[in-house]
Amino acid sequence: MFWTPKWKKETELLLKGAQKFLHYKRDLLKPDRIAEIESRIADLKSAVKSGKRDATEECSRQLRATCEKALPHQAPVHWFPENVEVIFVALVVALGLRSYIIQPFRIPTGSMQPTLNGIIATNADQAKPWIGKQALDWALRARRWTTIKSPTNGRIVAREDASKLFFSRTRVIFHNGASVTFPAPMNETDQAINGGVAGASCVGKSFEKDEVMFRGTIDGGDLVLVDKFSYHFRRPTRGEVFVFDTLGMERKIGRFTGSDQAKATHYIKRLCGVPGDTIAIDSPQLLVNGKIATEKGIQRVFELPNTGQAGGYGYSYGHYPGELLQAGDSLSLAAQAPRGMREYAALGDNSGNSLDSRYWGSVKEFNLVGPALFSLWPITTGHWGLIK
């Protein structure tokens with residue numbers, strides 16, 4: 001090909017283009033036009049084979065003219081519909097990838113800290129920095145500097161989840177119906193309004209109109225990519241981080257979230273039990289079938305500094321009903337079950353601040369979404385990269 005004359009290369013490209021035109025537009029072309037184009041293509045091939053440049057150039061001109069006049073009434077594609085078509089195809093591809101291959105998931109809570117971060121609200125009695133610092137914090141740490149003021153005089157009587165898509169939101173409602181929205185899940189909102197004190201509800205707290213309810217920073221939770229493909233070809237593995245939905249578990253979970261019927265959502269936890277396992281806690285260790293779990297992911301949790309305890313796994317809080325409430329309790333996962341009903345145990349790495357299988361029991365196979373694959377953003381928290 002290196003020594004092929006330029007005119008022959010150009011002719012080969014023209015032949016390929018004419019063949020494509022014929023294939024793509026065959027349904028729009030009249031039979032006589034199709035026959036004419038095929039005849040011109042045959043003439044050009046014969047001219048190239050003869051090696052005569054003049055004859056080849058003449059046949060090339062005739063083939064171009066025939067193709068250009070084949071659809072005289074078809075208007076050229078305008079730039080706007082052409083770009084809309086490209087965008088539409090891109091959206092279809094993206095939705096297909098999200099539905100069947102890989103899906104982004106924003107972690108809302110701190111149940112997997114310090115392995116993965118949820119949304120973190122930090123009270124800070126200082127003014128917002130200059131706009132460049134704010135932009136840099138957002139790009140590197142997903143951090144927003146926020147000041148939220150009370151919309152009315154009065155007492156907080158309720159708060160409710162107001163999340164949309166990837167964004168966790170909590171609506172704080174006052175006695176007179178006025179409300180204000182916090183860009184954080186409910187537990188972080190409580191902590192922010194209570195001046196950084198964890199574990200207490202903000203309900204009952206009173207404010208004057210325009211009084212500052214919160215001033216500080218809100219760091220977005222880690223954005224992770226979830227592999228939705230692997231579980232179609234392999235069984236879930238004990239020790240990996242995975243995502244599941246809560247369809248069918250709403251009423252159970254609702255007992256611990258302050259409502260009779262919590263809406264379905266997605267959780268991210270560490271998979272600590274597979275069908276046939278019996279798990280128990282000998283704090284800070286997790287026992288699987290009477291032996292200390294040996295998986296690297298679970299072993300790392302034994303040494304993690306969790307909220308409210310020295311580290312590792314702990315029992316569920318005593319004032320809640322639970323599956324693993326105290327020493328001697330265990331959770332057994334059926335060894336045999338119909339497809340889709342196999343059982344798995346999900347525990348948060350931050351055992352002192354995680355709503356998981358210790359409270360509401362097993363996760364069914366039909367709830368599984370896939371293993372957490374990659375922490376994509378933010379990039380300066382030490383979590384960027386493959387999730388372990």
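Derivation of every value follows stated rules applied to the coordinates shown; laboratory data play no part. As the structure is a computational prediction, the values presented were derived from the model and not from experiment. Cβ placement follows ideal geometry from the backbone for every residue including glycine, while neighbour counts extend to all protein chains displayed.
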Subject >> GNM flexibility winner over the chain from T147, T11, T189 (Cα, springs under 10 Å) >> reply: T11
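Could you list, in their original order, any pairs among K128/K209; K164/K296; K133/K228; K209/K269; K164/K252; K20/K49 whose Cα atoms are separated by more than 31 Å?
On the way: K128/K209 21 Å; K164/K296 35 Å; K133/K228 37 Å; K209/K269 40 Å; K164/K252 23 Å; K20/K49 21 Å.
Over 31 Å apart, Cα to Cα: K164/K296; K133/K228; K209/K269.
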Original post:
Shape of the stretch 175-255 from its Cα gyration tensor (a ≥ b ≥ c, root eigenvalues): rounded if a/c is under 1.5, otherwise prolate when a/b > b/c, or oblate?
Top reply: prolate
Original post:
In 5 Å bins starting at 0, how do the alpha-carbon pair distances of the stretch 6-69 split up by percent?
Top reply: 3, 19, 31, 23, 14, 6, 2
Original post:
Across 5 Å bins from 0, what is the distribution of all Cα-Cα pair distances for the stretch 120-219, in whole percents?
Top reply: 2, 14, 22, 25, 19, 11, 5, 1
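At 18 Å minimum axial length over the Cα atoms and a Kyte-Doolittle cut of 0.5, report the qualifying DSSP H helices in the chain, or say none.
On the way: long enough: 6-25 (28 Å, -1.03); 31-50 (29 Å, -0.39); 53-69 (24 Å, -1.45); 79-100 (32 Å, 1.19).
Counting only whole DSSP H runs, the qualifying helices are 79-100.
Any chance you could tell me what percent of the C-alpha pair distances in the chain go past 39 Å?
Working: 30946 of 75078 pairs.
More than 39 Å apart: 41 percent of the Cα pairs in the chain.
Of the listed peptides 371-384, 352-365, what is their order by residue-averaged count of other C-beta atoms within 10 Å, with the highest listed first? It would help to have the intermediate numbers written out before the result.
Details: 371-384: 17.6, 352-365: 21.8.
For the peptides 371-384, 352-365, the packing ranking is 352-365, 371-384.
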